[in-house]
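Inspection log for the structure reproduced underneath, given as structure tokens.
The values are calculated or read from the model by the stated rules, or taken from the named source; none is laboratory data. Treat the numbers as computed from the prediction; the structure is a model and nothing was measured. Because the Cβ atoms are built from the backbone with ideal geometry, glycine has one as well, and the counts that use them run over all protein chains shown. The area values use the complete protein model at the heavy-atom level, side chains included, leaving out ligands, DNA and RNA. Shrake-Rupley method; radii C 1.70, N 1.55, O 1.52, S 1.80 Å.
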Amino acid sequence: MSHVRRQIREAAATVLTGLTTTGERVFQSRMRPLTDSDLPCLLINTDDEVIDTQGFDATPLQERELTLSIRAVAKQTATLDDVLDTILAEVETALAGQTLGDRAKGLLLEKINIEMNDELEKPVGIASDIYRVTYYTTAGTPGTAL
């Protein structure tokens, strides 16, 4: 079975596929080379994770706090900020009240980051919704959420 991190990433991609602005352009990749035809799009990543182990028996409970990043990427245009804000609104609306397939016990939007990237073929803007996802496992079973 895949790690719960992957299960959460895949569940987020399922929820976010088909949004008005990004459509089917939802990628679970941190390093995807993007072309003009890929934009605007969403990149879904599971980043840092803090694990708090509770108990000292053979299978202690682990509370996990995962950073889930949803990055909206769009071409630089005169309306770039408006496009990024629209995508963020669609993402936040779609994820409101979600449990990501009952894997996550809590999904909390913590912050939004905005940046420009001129290293691609054409400059792009990137707006990131950063969520904290809480889930539980037992030690030694990272593929099974409780």
query = Which members of the stretch 73-100 meet the condition of being of a type in the set (G, A, S) and either at positive phi or under 16 Å from the mean Cα position of the chain (by Cα) (or both)?
reply = A89, A94, A96, G97
note = Residue count, the stretch 9-29, condition within 17 Å of K75 (Cα to Cα) and hydroxyl-bearing (S, T, Y), comes to 3
query = Among (1) within 13 Å of the chain's Cα centre (by Cα); (2) open to solvent by 30 Å² or more (accessible area, probe 1.4 Å), which single condition is T20 missing?
reply = (1)
key: Residue list for the stretch 118-146, restricted to those being of a type in the set (D, E, K, R) and assigned to a strand (DSSP E or B)   = D129, R132
key: The listed residue being in contact with a Gly (Cβ under 8 Å, 6 or more places away or on another chain) and either within 16 Å of I8 (Cα to Cα) or touching a residue at least 40 places away in the same chain (Cβ under 8 Å) (or both), out of D81, D85, D36, D47   = D81
